[in-house]
């Protein structure tokens, strides 16, 4: 049992050494893109929801 756990941990460490980690600048840039896209989509969905609710109020 202990051997399986140790083998798993060794495999995880080996694979983690292969990972290409982003630099600090790449990470900040990606974060800004995600935040901007999230805010843009939120605003878009808010406007669409507002328009559709007004149309439904007129119909009903």
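General remarks:
Residues are listed down the side, and each one gets a yes or a no for (1) under 18 Å from the mean Cα position of the chain (by Cα); (2) at pLDDT below 95:
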| residue | (1), (2) |
| --- | --- |
| 1 | no, yes |
| 4 | no, yes |
| 8 | no, no |
| 21 | yes, yes |
| 40 | yes, no |
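- Any hit, the stretch 22-44, residues being in contact with a helix residue (DSSP H, G or I) (Cβ under 9 Å, 6 or more places away or on another chain) and either without any contact (Cβ under 8 Å) to a residue 24 or more places away in the chain or surrounded by 10 or more Cβ atoms within 10 Å (Cβ to Cβ) (or both): yes
The values are calculated or read from the model by the stated rules, or taken from the named source; none is laboratory data. Note that the coordinates shown come from a computational prediction; the quantities given were computed from them, not determined experimentally. Don't worry about glycine lacking a Cβ; one is built from the backbone with ideal geometry, like all the others, and counts go over all protein chains shown.
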